[in-house]
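Here is the structure we will look at, set down as structure tokens.
The values are calculated or read from the model by the stated rules, or taken from the named source; none is laboratory data. Quick caveat: nothing in here was measured; it's all calculated off a predicted structure. In this analysis, Cβ positions are derived from the backbone assuming ideal geometry, glycine residues included, and neighbour counts consider all displayed protein chains.
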Amino acid sequence: MDFLAEATSIEGDIIRTRRGLHQSPELAYHEQQTAKLVADRLESYGIKVKRGVGGTGVVGVLEGGKKGKVVALRADMDALPVEELADVDFRSKVKGVMHACGHDTHIAMLLGAARLLADHKAELHGTVKFLFQPAEEHGGRGGALPMIQEGVMSDPKVDFVFGLHIDNNRNSGELGVREGATMAAPDTFKVKIIGKGGHGSMPHQTIDPVYVAAHLILALQGVSSRMIDPIRPFVITVGSVHSGTKENIIPDEARLEGTIRTLDEETRRRAKAKVEEVSKGVCKAFGAKAEIEFEEDAYPVLVNHPKTTEAVVAVLRRLPEAKVKRVEPILGGEDFARFLQKAPGTFFFLGTHNPANGCVYPNHSARFKADEGVLKLGAASLALLAFEFGKPVPKP
């Protein structure tokens with residue numbers, strides 16, 4: 001079965017769907033119109049639909065004509081709070097909101113895969129669940145957990161789960177796959193530095209939280225360079241610093257916000273403990289106090305099931321002219337990790353870097369553009385995985 005040829009025949013529809021979504025992006029937990037489009041489209045393919053799952057999530061269920069496994073395919077739906085600067089005719093019409101991470105392409109590709117599989121319902125083994133998830137960009141509770149809590153991975157129980165993400169750091173058409181730990185746990189932390197304010201001309205009468213914050217930012221870099229095993233991938237970034245109202249007023253407080261990225265639970269626990277220890281220690285040294293808060297329910301490490309991923313590589317290589325490559329882990333976080341805690345599966349990447357089309361800016365950039373020529377490959381790859389992994393295991 002040539003799913004790529006079939007995806008090519010509906011490529012125009014996939015691209016039109018993507019562009020319509022791109023013009024009407026919605027932020028996490030607010031994907032009402034996106035969810036309606038998804039649900040209506042699935043129903044038009046003859047797929048059973050459940051709306052409002054885990055908030056704005058949508059689940060489609062396609063029962064094949066033959067007995068087999070239950071395979072889940074997932075796409076995320078939310079956009080980012082970014083004012084778009086990309087030079088495309090279908091630029092976002094929503095001020096300050098943009099599909100800068102390609103979730104619009106994920107939706108379009110999974111809808112394409114759903115159409116392909118629905119066309120082959122009689123030949124399909126088992127059941128396919130199409131999971132359209134909200135709030136992937138949230139980073140904490142997210143959208144996968146609420147959907148799981150409402151039973152999307154059970155009744156019937158999912159045997160395999162697969163997800164795909166476009167990546168502008170990889171060449172267009174390249175399929176990047178890795179077994180084991182593949183994406184990081186993204187822990188968010190906040191530090192409130194409590195000092196003693198006063199006049200800028202008399203710092204000796206104060207405990208300057210801005211001065212303390214400067215020392216703390218530098219000290220936190222020592223957590224990764226001097227306190228954690230250097231062979232374990234780990235990043236700590238302070239991305240937000242807020243304090244003060246005027247140049248000659250030393251404020252009472254300063255606030256830092258940052259992220260910790262780790263690829264294993266041992267390093268994760270140690271890193272969080274060290275961030276708290278260093279924050280309190282530096283603040284105490286200067287007479288200030290520190291209040292540290294970690295966001296609850298942060299995404300876990302994304303771990304691709306080794307044996308399943310090995311089989312995924314073999315299946316993807318059946319696609320004509322497939323360029324399947326083993327990739328290194330990345331320290332971005334991904335809500336799909338929660339689905340992988342419930343069933344074996346694989347999260348893989350589809351390259352969209354194409355200088356000829358101006359697709360050179362990274363995900364999350366205001367100038368991010370996706371090479372639409374790869375969307376048919378994404379749709380075909382998802383459909384093929386569902387079709388092959390739905391087959392029953394041969395008896396010995």
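One table, with the values for the structure above:
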item: Residue in the stretch 41-61 that is assigned by TED's automatic domain parsing to the domain that holds residue 116, in contact (Cβ under 8 Å) with a residue 24 or more places away in the chain and of a type in the set (D, E, K, R) present; result: yes
item: Any hit, the stretch 262-277, residues being surrounded by fewer than 18 Cβ atoms within 10 Å (Cβ to Cβ) and not charged (D, E, K, R); result: yes
item: Residue in the stretch 183-193 that is crowded, with 19+ Cβ neighbours inside 10 Å, under 29 Å from residue 4 (Cα atoms) and in contact (Cβ under 8 Å) with a residue 12 or more places away in the chain present; result: yes
item: Qualifying residue in the stretch 166-179 (condition: β-branched (Val, Ile, Thr), crowded, with 22+ Cβ neighbours inside 10 Å and either within 24 Å of the chain's Cα centre (by Cα) or closer than 22 Å to residue 259 by Cα (or both)); result: yes
item: Residue within the stretch 152-163 that is assigned to a strand (DSSP E or B) and among the aliphatic types (A, V, I, L, M) present; result: yes
item: Residue satisfying condition, being surrounded by fewer than 19 Cβ atoms within 10 Å (Cβ to Cβ) and of a type outside the set (Ser, Thr, Tyr), within set 383, 366; result: 366
item: Some residue of the stretch 135-150 being among the polar types (S, T, N, Q), in contact (Cβ under 8 Å) with a residue 24 or more places away in the chain and in a loop (DSSP other than H, G, I, E, B); result: no
item: Residue tally, condition in contact with a Lys or Arg (Cβ under 9 Å, 6 or more places away or on another chain) and either on the phi < 0 side of the Ramachandran plot or not assigned by TED's automatic domain parsing to the domain that holds residue 340 (or both), over the stretch 158-175; result: 12
item: Search result, residues across the stretch 123-152 that are among the small types (Gly, Ala, Ser) and buried (at least 21 other Cβ atoms within 10 Å of the Cβ); result: 126, 135, 142, 143, 144
item: First in the stretch 303-326 and on the phi < 0 side of the Ramachandran plot, second anywhere and surrounded by 17 or more Cβ atoms within 10 Å (Cβ to Cβ) and of a type in the set (Lys, Arg), Cβ under 7 Å, 6 or more apart; result: 304/178; 326/178
